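Note sheet for the following structure.
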Amino acid sequence: PYTTLFRSDITLTGRGGHAAMPHETADPIYAAAALIQALQSVVSRRLNPFDSAVVSITQCHSGFTHNVIPDEAFIQGTARYFDPELGKKIRADMEQIINQVASAHGCSAQFDWMDGYPPTINDAAAAERAALAAADVLGSGSVVMDPPPSMGAEDFSYMLDARPGAYIWLGAGHPGDGAMLHNARFDFNDELLPLGASYWVSLVERELGTGG
């Protein structure tokens, strides 16, 4: 399965001023730096090591010039997990850390937690039929039926909530180059196109009873 995804936006508000006089400010950039470090303790120190979760900070914006401490800093990221109850704990722990770190630095904080995608869980029978169609094209030795769960998130989860189905990975990357999806150097593997098209033909033929 894929994980549940939530997006978090954090705004730290302090008191700006001249960079030469930081003692007269409540520096939100300094608070943001401390907060980014502290939020990693949610997974590493507050959850059972056997729980699957991740908190990633992906954006941090503040300031407008080199000699002014700004009034605000903005942080954005995601939290990902499989267990809904674990998600409630992550949210509560993040909120506590955000408020306490902000207060320790003389700042206030606004924490917005936005719903993302539910977990993507395949229907077992549909996954089996998808695997057979893939084996028609690639051979059974190239089909992995039980890969490790992914901390990625996928909006196909909404379709699987409504109807039985299966989400598969066809493997579009170039092995060993390190530039997979969500990487600025990603280059789609054109050699995959005939394999992908053949897979869909095989699946349709099997579902309509004209192949396999």
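The values are calculated or read from the model by the stated rules, or taken from the named source; none is laboratory data. In this text the structure is predicted, and so the values were computed from the model without any measurement. Virtual Cβ from ideal backbone geometry, glycine too; neighbours counted across all protein chains shown. Remember, those area values only see protein heavy atoms, side chains included, never the ligands or the DNA or RNA. Shrake-Rupley method; radii C 1.70, N 1.55, O 1.52, S 1.80 Å.
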Query - From Ala92, Ala131, residue being within 30 Å of Arg15 (Cα to Cα), among the hydrophobic types (A, V, I, L, M, F, W, C) and out of contact with any helix residue (DSSP H, G or I) (no Cβ under 7 Å at 6 or more places or on another chain) - result: Ala92
**Report entry** For Ile90: the one exception among (1) farther than 23 Å from Ser150 by Cα; (2) β-branched (Val, Ile, Thr); (3) assigned to a helix (DSSP H, G or I)
**Finding:** (1)
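Suppose we filter Gly106, Gly165, Gly141 for residues that are touching a helix residue (DSSP H, G or I) at 6+ places or on another chain (Cβ under 9 Å), of a type in the set (Gly, Ala, Ser) and closer than 30 Å to Leu35 by Cβ; which single one remains? Outline the logic, then answer.
Numbers: Gly165 fails: closer than 30 Å to Leu35 by Cβ; Gly141 fails: closer than 30 Å to Leu35 by Cβ.
When all the criteria are applied, what remains is Gly106.
For the stretch 17-33, state whether one or more residues are within 30 Å of Val144 (Cα to Cα), touching a helix residue (DSSP H, G or I) at 6+ places or on another chain (Cβ under 8 Å) and not hydroxyl-bearing (Ser, Thr, Tyr).
We begin by selecting, within the stretch 17-33, every residue within 30 Å of Val144 (Cα to Cα); these are none.
No, because not a single residue in the stretch 17-33 is within 30 Å of Val144 (Cα to Cα), touching a helix residue (DSSP H, G or I) at 6+ places or on another chain (Cβ under 8 Å) and not hydroxyl-bearing (Ser, Thr, Tyr).
Consider Glu72 carefully, then state whether it is at pLDDT 95 or above and touching a helix residue (DSSP H, G or I) at 6+ places or on another chain (Cβ under 6 Å). Talk me through it step by step, then tell me what you get.
Details: at pLDDT 95 or above: yes; touching a helix residue (DSSP H, G or I) at 6+ places or on another chain (Cβ under 6 Å): yes.
Here the answer is yes, as Glu72 does meet what is asked.
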Query raised in the report: Does the stretch 9-36 hold any residues that are within 14 Å of Ala102 (Cβ to Cβ) and without any contact (Cβ under 8 Å) to a residue 40 or more places away in the chain, and which are they?
Result: Ala33, Ile36
Report summary line: Output for Cβ contacts, cut-off 6 Å, separation at least six or different chains, first residue under 30 Å from Ser52 (Cα atoms) and touching a residue at least 24 places away in the same chain (Cβ under 8 Å) in the stretch 132-153, second in a loop (DSSP other than H, G, I, E, B) and open to solvent by 30 Å² or more (accessible area, probe 1.4 Å), reads Ala134/Val143; Pro149/Pro1; Ala153/Tyr117
Query raised in the report: Quick one: what pairs do we get from the stretch 96-115, first residue closer than 21 Å to Arg46 by Cα and modelled with pLDDT under 95, second in a helix (DSSP H, G or I) and of a type in the set (D, E, K, R), C-beta under 7 Å, 6+ apart or different chains?
Result: Trp113/Arg91
